[in-house]
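S.K.: The structure follows.
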Amino acid sequence: MEFKSVAEFEKGIKGILISEKEIKAKIKEAGEYLNGIYDGTPLLLVSILKGSFMFLADLCKEVKVPCEVGFMIAKSYYQGTQSSGIVKIEMDLQQNIGKYHVVIVEDIVDTGRTLNDVVKLLRARNPVSLRVVTLLDKPDRRIVDFKADLSLFTISDLFVVGYGLDCGEYYRNLPYIAEFKE
Ligand code: 5GP
């Protein structure tokens with residue numbers, strides 16, 4: 001993907017689907033949700049890179065209980081119609097999660113395969129507890145029966161960019177979620 005001008009870059013944006021203000025308000029609520037559950041016992045917020053970097057950065061500011069942050073890059077691989085795949089960890093957490101309440105912070109649940117596999121993988125490491133918070137949920141596209149503990153926004157079957165989500169590595173820096181124009 002290459003852009004000859006800002007105007008050309010902006011042509012990829014069909015329209016704002018979720019504004020900065022709406023995202024901010026929902027993240028405040030998500031922070032309250034987490035503050036209501038955890039009470040100072042070791043808490044680890046795990047961002048699945050790269051899509052959730054911006055969401056994690058804003059969400060952790062709303063978390064008032066002591067917490068650490070961790071990052072991982074995980075990709076799931078499938079063959080044919082299988083609903084569960086092999087998770088390839090391209091970058092693992094530094095923390096041994098055995099002593100933590102873990103909250104996976106994800107950008108979007110689409111087919112559900114990635115989170116389904118990552119949850120399985122992290123559960124096998126015996127954290128004290130494990131929850132999943134996702135910014136976006138596209139239930140119409142689900143292949144694996146996966147439900148996050150908290151979804152901030154449910155969207156229809158659209159390809160979206162912005163607020164961490166990319167197309168060809170671009171558009172992650174938009175402060176809002178936009179529908180992408182193919
Ligand atoms: P899954 O299909 O395993 O639930 O989602 C895998 C990954 O696909 C997500 O973490 C996200 O990076 C990417 N993805 C799914 N839907 C979209 C979308 O609408 N926009 C962008 N930019 N990425 C998406």
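S.K.: How large is the convex hull of the Cα atoms of region 77-119 per residue, expressed in Å³ as a whole number?
M.R.: That works out to 91 Å³ per residue.
S.K.: Give the residue from PHE53, LEU93, ASN35 lying farthest towards the positive end of the charge dipole for the chain; charges sit on Cβ (+1 for Lys and Arg, -1 for Asp and Glu) and the dipole is referred to the Cα centre.
M.R.: LEU93
S.K.: Kirkwood hydrodynamic radius of region 57-97 from all distinct Cα pairs, in Å?
M.R.: 12.9
S.K.: Mean separation of Cα pairs under 8 Å and 6+ residues apart, divided by the residue count of the chain: what relative contact order is that in percent?
M.R.: Result for the chain is 24 percent.
S.K.: For ALA7 and ARG123, what is the calculated FRET efficiency with R₀ set at 45 Å and r taken between the beta-carbons, to the nearest 0.05?
M.R.: Given R0 = 45 Å and the Cβ-Cβ separation, E is 0.45.
S.K.: Also, I was wondering about something else. Starting from 0 in steps of 10 Å, tell me what percent of the Cα-Cα pairs of region 40-146 lands in each bin.
M.R.: Final binned percentages: 15, 48, 31, 6, 0.
S.K.: Also, quick follow-up: Lysines within cross-link reach of LYS11: Cα-Cα under 16 Å, excluding same-chain residues under 8 positions apart?
M.R.: LYS11 reaches LYS181.
S.K.: Given the -39500 (n - 2.57) contribution per DSSP H run of 4+ residues, what per-residue ellipticity at 222 nm results for the chain, rounded to the nearest 500 deg cm²/dmol?
M.R.: Value at 222 nm, helices only: -7000 deg cm²/dmol.
S.K.: What is the spread of the Cα atoms of region 16-73 along each of their three principal axes, largest first, in whole Å?
M.R.: 39, 27, 13
S.K.: Just to check I understand the Karplus step: with θ = phi - 60° and J = 6.51 cos²θ - 1.76 cosθ + 1.60, what whole-Hz values come out for region 105-120, glycine and proline as x?
M.R.: 10, 10, 7, 8, 9, 10, 6, x, 5, 4, 5, 4, 6, 5, 4, 4
S.K.: If you don't mind, another one. Would you work out the charge dipole size for the chain about its Cα centre, treating the Cβ of every Lys and Arg as +1 and the Cβ of every Asp and Glu as -1, and quote it to the nearest 20 debye?
M.R.: Charge dipole, the chain, about its Cα centre: 320 debye, nearest 20.
S.K.: Can you give me the relative contact order of region 45-124 as a percent, contacts being Cα pairs under 8 Å and 6 or more apart?
M.R.: 36
S.K.: Let me ask something additional. Obtain the radius of gyration and the Kirkwood radius of the chain from its C-alpha atoms and give Rg over Rh.
M.R.: Computed over Cα atoms, the ratio is 0.97.
S.K.: I want the local charge near LYS4. Using Cβ-Cβ distances under 13 Å, sum +1 for each Lys or Arg and -1 for each Asp or Glu among the other residues.
M.R.: -2
S.K.: Once phi is turned into ³J(HN,Hα) by the Karplus curve 6.51 cos²θ - 1.76 cosθ + 1.60 with θ = phi - 60°, what whole-Hz value does each residue of region 39-44 show in order, with x for glycine and proline?
M.R.: These are the phi-based 3J(HN,Hα) values: 9, x, 5, x, 10, 10 Hz.
S.K.: I've got another one for you. Cβ under 10 Å from VAL46's Cβ, VAL46 left aside: what net charge do those residues give with Lys, Arg +1 and Asp, Glu -1?
M.R.: Taking every Cβ under 10 Å from that of VAL46, the sum is -2.
S.K.: How do 123-130, 2-9, 157-164 rank on mean C-beta neighbours within 10 Å, highest first?
M.R.: 157-164, 123-130, 2-9
S.K.: Continuing with the same structure: Among the lysines, which fall within straight-line cross-link reach of LYS88, defined as a Cα-Cα distance under 24 Å, with same-chain neighbours fewer than 8 residues apart omitted?
M.R.: Within reach: LYS50, LYS75, LYS99, LYS120, LYS138, LYS147.
S.K.: Moving on to the next point. Quick check: Cα centre of region 99-117 to Cα centre of region 129-155, how many Å?
M.R.: 8
S.K.: Can you tell me the orientation of helix 20-37 relative to the chain, as the angle in degrees between its alpha-carbon axis and the longest Cα principal axis, to the nearest 10?
M.R.: So the helix axis and the longest Cα principal axis differ by about 10 degrees.
Bear in mind these aren't lab numbers, they're just calculated from the coordinates by the rules spelled out. A quick note: this is a predicted structure, and the numbers were derived from the prediction, not measured. Glycine also receives a Cβ, built like all others from the backbone with ideal geometry; neighbour counts cover every protein chain displayed.
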